[in-house]
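Q: Below you'll find the structure I mean.
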Amino acid sequence: MKNPRNFAAASLIALAAALGATPFVISAAHADALLTGTITSTAGEKMGGVTVSAKAERSPITTSVFTDEAGNYYFPPLPNGKYRVWAQALTYQAANGNAELHKTTRRDFVLQPIKNQEDWIRQLPGDELLAALPGDTPEDYRMKTQVRKNCTGCHSASYPLQHRFDEEGWNKILDLMKHVNVLGVYFGPDHKATPNIEFHQKELAAYLARARGPGESSIEVQAAPAPVR
Amino acid sequence: MKRSAWIALMLLAGASQGGFAAEDHLNEQQKLGRRLFEQSCGVCHTRPTLVAGMYGPELSKESSGGREDVMRVIISNGTPRMPGFKYTFNSDQIAAIAAYMKTMPPGAQDLPTARTPTKAATPAQ
């Protein structure tokens, strides 16, 4: 490709081919379909602050909006096409649906509250789950502080606390974590263990097993952080 | 011009197909297993970086002698270094992890081998 003109011509052909090979790029030009709807709870209440998302088939892009105080949501104009639509709010099960957009379309959703506490706990964000750990006695408060200091510097509290282990199981987890750095790299058993975890390991394992173990959980889940109604 | 344009077209055709070529052949149970594996098992059984060591052994369809029933028992009850997951996952979820493991080829966690630098072509005289 010695001649610059040849290079320019080849680039133009390549660009045209690229546009032709990705149909959704072309269809994005027709962005005149509106998607709207209302979110209510099973009790019939309009739910504000609910996240509603839409993703077109074969597109990597998800667009999300929030419902207003009256429980209504309005997407900006979206390209025509088939969409997966879903609504989600804390303490509620996600609701899923589909929409084929070529004109203004309504999709209403009714959200069902989560009744199973285990599912609820696993849905909580890390800060909510950390706050729910027991800390009323001096011993529990000390262990809760240890969880915050030793665990949440590298990952959310909801990562380890999604699991349930007995005391022996939590001990095995701590055996690993005291030899892991902030990047998750394991240094081997000869590496000097993190002193803070090593010192509190036995108490910490027992505390975690009471909170997230086989028996009744000591976690005190507060009132549902439900969206504004 | 003609030759260069055809080369550009072929390259682009390959690139645009590549984006849609990654088809997923896992069934629903295996997909669930993959999600749970990545969420809970990967921390010990996959490398956090390309060259970092792992805490646990590499897992594949050949683990536990290739026996899915043994995989389920180990996931449930653990090993001397691994906690059992029977309080975290129900039996269907544990079966899904084992089913996904049976799709995992061995050697996926092998360290990348150093490449021998190729000698640059001698320019034509």
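The values are calculated or read from the model by the stated rules, or taken from the named source; none is laboratory data. Predicted model only: the values in this text are computed from it and were never measured. Glycine gets a Cβ as well: all are built from the backbone with ideal geometry, and neighbour counts include every protein chain shown.
Q: Quick one: which residue in A:LEU130, A:LEU208 is in a helix (DSSP H, G or I) and more than 14 Å from chain B (Cβ to nearest Cβ)?
A: Values: A:LEU208 fails: more than 14 Å from chain B (Cβ to nearest Cβ).
Result of the check over A:LEU130, A:LEU208: A:LEU130.
Q: To continue, here is another question. Report yes if some residue within segment A:101-116 is among the charged types (D, E, K, R), more than 30 Å from A:TYR207 (Cβ to Cβ), touching a residue at least 60 places away in the same chain (Cβ under 8 Å) and exposed (fewer than 13 other Cβ atoms within 10 Å of the Cβ); otherwise report no. Break it down stepwise before answering.
A: The initial filter retains those residues of segment A:101-116 that are among the charged types (D, E, K, R), namely A:103, A:106-108, A:115.
Those still in the list that are more than 30 Å from A:TYR207 (Cβ to Cβ) too: A:103, A:106-108.
Remaining after also requiring touching a residue at least 60 places away in the same chain (Cβ under 8 Å): A:103, A:106-108.
Okay, now just the ones that are also exposed (fewer than 13 other Cβ atoms within 10 Å of the Cβ), so A:103, A:106.
Yes, segment A:101-116 has at least one match.
Q: Sticking with this structure for a sec: With touching a helix residue (DSSP H, G or I) at 6+ places or on another chain (Cβ under 9 Å), farther than 15 Å from A:PHE109 by Cα, modelled with pLDDT under 95 and not assigned by TED's automatic domain parsing to the domain that holds A:ALA89 as the only criterion, which of A:ALA9, A:ALA16 stands out?
A: Checking each option against the conditions leaves just A:ALA9.
Q: Checking the structure you have, find out if any residue of segment A:48-67 is surrounded by 13 or more Cβ atoms within 10 Å (Cβ to Cβ), of a type outside the set (Asp, Glu), more than 17 Å from the chain's Cα centre (by Cα) and farther than 28 Å from B:GLN39 by Cβ.
A: Yes, segment A:48-67 has at least one match.
Q: Could you give me the residue pairs with C-beta distances under 6 Å whose first residue belongs to segment A:178-201 and is closer than 21 Å to B:GLN39 by Cα, whose second residue is among the β-branched types (Val, Ile, Thr) wherever it lies, and which are 6+ apart or on separate chains?
A: From residues that are closer than 21 Å to B:GLN39 by Cα, the pairs are A:LYS178/A:THR194; A:LYS178/A:ILE197; A:TYR186/A:VAL180.
Q: For segment A:149-172, does any single residue satisfy the condition of being more than 30 Å from A:LYS115 (Cβ to Cβ), part of a helix (DSSP H, G or I), at pLDDT below 95 and not acidic (Asp, Glu)? Explain how you work it out, then say what you get.
A: Here is the first cut: in segment A:149-172, the residues more than 30 Å from A:LYS115 (Cβ to Cβ) are A:149-150, A:153-154, A:168, A:171-172.
From what's left, part of a helix (DSSP H, G or I): A:149-150, A:168, A:171-172.
Imposing the further condition that a residue be at pLDDT below 95 reduces the set to A:149-150.
Remaining after also requiring not acidic (Asp, Glu): A:149-150.
Checked segment A:149-172: at least one residue is more than 30 Å from A:LYS115 (Cβ to Cβ), part of a helix (DSSP H, G or I), at pLDDT below 95 and not acidic (Asp, Glu).
Q: Just one of the numbered conditions (1) assigned to a helix (DSSP H, G or I); (2) at the interface with another protein chain (Cβ under 7 Å from one of its Cβ atoms); (3) at pLDDT 90 or above is not true of B:GLN30; which one?
A: Result: B:GLN30 passes all but (2).
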